[in-house]
Amino acid sequence: RKEVEQDPGPFNVPEGATVAFNCTYSNSASQSFFWYRQDCRKEPKLLMSVYSSGNEDGRFTAQLNRASQYISLLIRDSKLSDSATYLCVVSFSGNTPLVFGKGTRLSVIA
Amino acid sequence: ETGVTQSPTHLIKTRGQQVTLRCSSQSGHNTVSWYQQALGQGPQFIFQYYREEENGRGNFPPRFSGLQFPNYSSELNVNALELDDSALYLCASSLVRLTGTGSGYTFGSGTRLTVV
């Protein structure tokens, strides 16, 4: 079983749609959780950290369910500029190596 | 504040050759991690350097080696290149404090290695 599993997509959605990505992780000792965004042929960039209480940043909402070892990302009112690959990332602590999922590809269509 | 810079940006090598990739960490950061990202995959952890010593290694063979220098910059060396080594190699720097807390990672834009 892979450490971090994501649906690879692609998700093709119209502008303005709401889209949700899910991710599961296998190591119950994981302490830090993130969503990264990666544009084609570029480096990953931190989109947001994920906290147990859930957190929101503008149109983006992240949720963590430790009991189910499940992380989600919700994007509301999708923009063309949201088209990218979204990587689910976990680590044991803030300084230990990041473990990446394969990523979920999103295409927002006009 | 300068970010993480990697060189070269692109490289083509022949199977069996050796390659050295370079990374300058972000100002104020003392730890460097290297990741390999094959096409269609997420980045995979290769190893991490802290205080010039390897401080954690992923599932990569010994022909992948590295160095960290006193200025916290780093090199990744790969010997006896194989076709499957073709990938984007990402360097990420971070600050690890004596308390054990960290700053989070900043990624460089990567070196795209093609082995033919």
* **Answer residue from region A:9-45, given it is of a type in the set (A, V, I, L, M) and touching a residue at least 60 places away in the same chain (Cβ under 8 Å) and is farthest from B:A92 (Cα to Cα) among those** => A:A17
* So how many residues does region A:75-110 have that are loosely packed, with under 15 Cβ neighbours inside 10 Å and not charged (D, E, K, R)? -> 7
* Structure fact -> By residue number, the members of region A:47-70 that are crowded, with 16+ Cβ neighbours inside 10 Å and either aromatic (F, W, Y) or part of a strand (DSSP E or B) (or both) are A:L47, A:M48, A:S49, A:F60, A:T61, A:A62, A:Q63, A:L64
* Asked: Which of (1) outside any loop (DSSP other than H, G, I, E, B); (2) over 20 Å from A:E5 (Cβ atoms) is the odd one out, the single condition A:C40 does not satisfy?
  -> (1)
* Filter region B:24-48 down to residues that are part of a strand (DSSP E or B) and among the polar types (S, T, N, Q) and give me whichever is nearest to B:S7 (Cα to Cα). => B:S24
* Filtered residues of region B:41-62 (kept if on the phi > 0 side of the Ramachandran plot and either at the interface with chain A (Cβ under 7 Å from one of its Cβ atoms) or in contact (Cβ under 8 Å) with a residue 60 or more places away in the chain (or both)) -> B:G56
* Structure fact -> Scanning region A:78-110 residue by residue, those within 11 Å of another protein chain (Cβ to nearest Cβ) and in contact with a helix residue (DSSP H, G or I) (Cβ under 8 Å, 6 or more places away or on another chain) turn out to be none
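Okay, residues lined up against (1) surrounded by fewer than 16 Cβ atoms within 10 Å (Cβ to Cβ); (2) touching a Gly at 6+ places or on another chain (Cβ under 8 Å):
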{"site": "B:G66", "(1), (2)": "no, no"}
{"site": "B:N71", "(1), (2)": "yes, no"}
{"site": "B:L76", "(1), (2)": "no, yes"}
{"site": "B:E82", "(1), (2)": "yes, no"}
{"site": "B:A87", "(1), (2)": "no, no"}
{"site": "B:L90", "(1), (2)": "no, yes"}
{"site": "B:S94", "(1), (2)": "no, yes"}
{"site": "B:Y105", "(1), (2)": "no, no"}
{"site": "B:V115", "(1), (2)": "no, no"}
* Criterion violated by A:L74 - all others in (1) outside any loop (DSSP other than H, G, I, E, B); (2) closer than 29 Å to B:C23 by Cα satisfied -> (2)
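Coordinate-derived values only; no laboratory data. As the structure is a computational prediction, the values presented were derived from the model and not from experiment. Note that each Cβ is placed from the backbone with ideal geometry, even for glycine, and that neighbours are counted across all protein chains shown.
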